[in-house]
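K.L.:
Starting off with a structure, shown below.
The values are calculated or read from the model by the stated rules, or taken from the named source; none is laboratory data. Since the model is a prediction, treat every value here as computed from it, not as a measurement. Note that we place each Cβ from the backbone using ideal geometry, even for glycine, and neighbour counts take in every protein chain shown.
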2 protein chains.
Amino acid sequence: MTSIEKQGRMNEIDLIEKIRKLAAKGPRITVGIGDDCAVFRPKPDHDLLFKTDPMIEDIHFTRDLDPATVGHRALARNLSDIAAMGGDPQFCLVSLALPEELAANQIGADWIDLFYRGLMNLAKRTGTALAGGHLARAERIFCDVIVCGSVPRGKALLRSGAKPGDALYVSGRLGHPWDSRFEPKLSLGRRLRGRATSCIDVSDGLSLDLFRLCRESKVAAEVDRVPIVRGATLDRALHGGEDYELLFTMPPRLAPPKGTTRIGTIVRPQVGVKEPPGFVRFQGQPLEPRGHDHFRRPGAARITR
Amino acid sequence: MTSIEKQGRMNEIDLIEKIRKLAAKGPRITVGIGDDCAVFRPKPDHDLLFKTDPMIEDIHFTRDLDPATVGHRALARNLSDIAAMGGDPQFCLVSLALPEELAANQIGADWIDLFYRGLMNLAKRTGTALAGGHLARAERIFCDVIVCGSVPRGKALLRSGAKPGDALYVSGRLGHPWDSRFEPKLSLGRRLRGRATSCIDVSDGLSLDLFRLCRESKVAAEVDRVPIVRGATLDRALHGGEDYELLFTMPPRLAPPKGTTRIGTIVRPQVGVKEPPGFVRFQGQPLEPRGHDHFRRPGAARITR
């Protein structure tokens, strides 16, 4: 190896020192980067929420996407799940695997720098401490972000609490482009605690995520309308995914939070006919949960869903 | 697609149902697989320990390795870090990404089955609940296991507490083959709580891990001898890694736990000369922390170290 090559290569120690500086210890992260494990001191009388959702090159993004957007989205998709449970973000761990050709030069150093910049910008704004992680090699860029959130004991918003007669709401609009820098709906999630009977984030498309919510709640749903992003098709809004809006149910007597739209009503599933739990009707027609078997197409299937 | 091909493909729902059955809810995992996040209820007055350490095909293992051993090791390497902090395992999350050619057929279904069998066997024996995870596609097999452990508040064993005069110990012997099914030293870790002044697991080789312990403790070390696995070379025992034994320090007046060997002594680093914090001498000669920059070679560099 020439000395120029050597100079260009990232040094683990330098890189770790750089990341250590980003990862300041806090009142709850009592041991951060630099030991065998990160140490977290939970708030008394709180439950903790955990989510992991990797982003893989050529499946969730391509290399021409701005690395800061990759870093932002890698954290934001997990925070969206914390929001859907009504939680407050606590910390994250970041596993990052890079191909040899990126690990070996300045382009790679810049990529990591921008990735962490995008991730830390969102982490700081949302109170998510960077508690640790891992660097490795892989053939494609692979980043697995694990997020921990906190919620007062027993107050997590579940998918399983929707009741027939509940009103069905969605935040914002559906049909966002897949590479946008969306904001996880954390403050909406917090406001729904103790009010919503069920909640899920729309990450795989309304048709699939509403199916999941209804199946877990053992109910069905009638959808009348959906608010659509300007320029998006109805098909994309119904099945497209990557929206990261919150879909939730509330008793109809409660006023919904601002910025949300009532899109339908939860109904009793019709046992014995072709409308089992999970069944969704859109403007009178059955709405199939498309893209259901994510393992069959380039894309990710969440075991936790 | 023919119906035979279709039949052969794993169905996400079936697979998730299978994994759901493995992942029984427990007293502390109040919501497991089937919601946006896993929900964990921490014990009062305990700190939580977190570790993530991926296993990547062709870097940490090859496809001819028994999938049950891959599953075992994917969990065991992380439990080894929980052991090194003196913790009790609580739960794990498993992110698994498989190549198309494995995801599409019976070989893949068998691979996943055996992988989970190896992982769950160790999980059950160690009291680690499977709380959730993720399935995705990738070019190579990629599994990222995240483990959470628990330790009475303030009692985590750190790398940073070694003092000059402390005796230096290692459990078992060093120089294990890289593909063995080792047992994480959880009960030893628990017995060291309140007794060891510092601890680390030997995952990257004695020379590197002892350097790390000494650097974090701002001390140096003199090593006299190392217990070597039958058939292993001294070089492998000093620098090989993948041993997952515990390396720890204790005041010399305390009796060491059974099955551990005193290998040396912690000394004061000599300021101003060439023996800075982290400096290690083996049988009178400087012992270089080899393989230090893991980012440069096929292998993984842990940010948390």
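K.L.:
In the range A:1-35, what residues are more than 9 Å from chain B (Cβ to nearest Cβ) and modelled with pLDDT of 85 or more?
P.N.:
A:28, A:29
K.L.:
Quick test of your reading of the structure: residue B:144 fulfils all but one of (1) in contact with a Pro (Cβ under 7 Å, 6 or more places away or on another chain); (2) crowded, with 17+ Cβ neighbours inside 10 Å; (3) in a helix (DSSP H, G or I). Name the failing condition by number.
P.N.:
(3)
K.L.:
Next question. Could you check residue B:242 against (1) out of contact with any helix residue (DSSP H, G or I) (no Cβ under 9 Å at 6 or more places or on another chain); (2) under 14 Å from residue B:178 (Cβ atoms); (3) not polar (S, T, N, Q) and say which number it fails?
P.N.:
Failed condition: (1).
K.L.:
Give the range A:151-175 a look and list any residue that's of a type in the set (A, V, I, L, M) and part of a strand (DSSP E or B), or say none. Spell out how you get there, then give the answer.
P.N.:
Of the residues in the range A:151-175, the ones of a type in the set (A, V, I, L, M) are A:151, A:156-158, A:162, A:167-168, A:170, A:174.
Answer for the range A:151-175, where residues must be of a type in the set (A, V, I, L, M) and part of a strand (DSSP E or B): A:151, A:167, A:168, A:170, A:174.
K.L.:
Within the range A:123-137, does at least one residue satisfy the condition of being at positive phi and not in a strand (DSSP E or B)?
P.N.:
Yes, the range A:123-137 contains a residue that is at positive phi and not in a strand (DSSP E or B).
K.L.:
Something else: Which of the residues that make up the range A:176-191 are in contact with a Lys or Arg (Cβ under 9 Å, 6 or more places away or on another chain) and either buried (at least 24 other Cβ atoms within 10 Å of the Cβ) or among the aromatic types (Phe, Trp, Tyr) (or both)?
P.N.:
Correct list: A:182, A:184.
K.L.:
Which residues, counting only those in the range A:36-90, are without any contact (Cβ under 8 Å) to a residue 12 or more places away in the chain and either at the interface with another protein chain (Cβ under 9 Å from one of its Cβ atoms) or within 23 Å of residue A:210 (Cα to Cα) (or both)?
P.N.:
So in the range A:36-90, the residues without any contact (Cβ under 8 Å) to a residue 12 or more places away in the chain come out as A:36, A:39, A:44, A:62, A:64.
Passing the criteria: A:36, A:39, A:44.
K.L.:
List the number of the failed condition for residue A:72; all other conditions in (1) in contact with a strand residue (DSSP E or B) (Cβ under 9 Å, 6 or more places away or on another chain); (2) modelled with pLDDT of 85 or more; (3) not hydrophobic (A, V, I, L, M, F, W, C) hold.
P.N.:
Of everything listed in (1) in contact with a strand residue (DSSP E or B) (Cβ under 9 Å, 6 or more places away or on another chain); (2) modelled with pLDDT of 85 or more; (3) not hydrophobic (A, V, I, L, M, F, W, C), residue A:72 misses just condition (1).
K.L.:
A further question follows. Among the residues of the range B:107-159, what is the count of those that are within 11 Å of chain A (Cβ to nearest Cβ) and charged (D, E, K, R)?
P.N.:
Count: 7.
K.L.:
Quick one: count up the residues across the range B:187-210 that are within 13 Å of chain A (Cβ to nearest Cβ) and under 17 Å from residue B:259 (Cβ atoms).
P.N.:
Start the filter on the range B:187-210 by keeping residues that are within 13 Å of chain A (Cβ to nearest Cβ), which leaves B:189, B:192, B:196, B:198-204, B:208-209.
Then keep just the ones that are under 17 Å from residue B:259 (Cβ atoms); that gives B:189, B:192, B:196, B:199, B:201-202.
Of the residues in that region, 6 qualify.
K.L.:
In the range A:199-223, how many are small (Gly, Ala, Ser) and more than 20 Å from residue A:242 (Cα to Cα)?
P.N.:
In the first step, residues of the range A:199-223 are kept if they are small (Gly, Ala, Ser); the result is A:203, A:205, A:207, A:217, A:220-221.
Still in the list and also more than 20 Å from residue A:242 (Cα to Cα): A:217, A:220-221.
Count: 3.
K.L.:
Only one of A:219, A:145, A:226 is closer than 23 Å to residue A:75 by Cβ and either modelled with pLDDT of 95 or more or of a type outside the set (S, T, N, Q) (or both). Can you tell me which?
P.N.:
Numbers: A:219 fails: closer than 23 Å to residue A:75 by Cβ; A:226 fails: closer than 23 Å to residue A:75 by Cβ.
Step by step, each of A:219, A:145, A:226 is checked, and only A:145 is closer than 23 Å to residue A:75 by Cβ and either modelled with pLDDT of 95 or more or of a type outside the set (S, T, N, Q) (or both).
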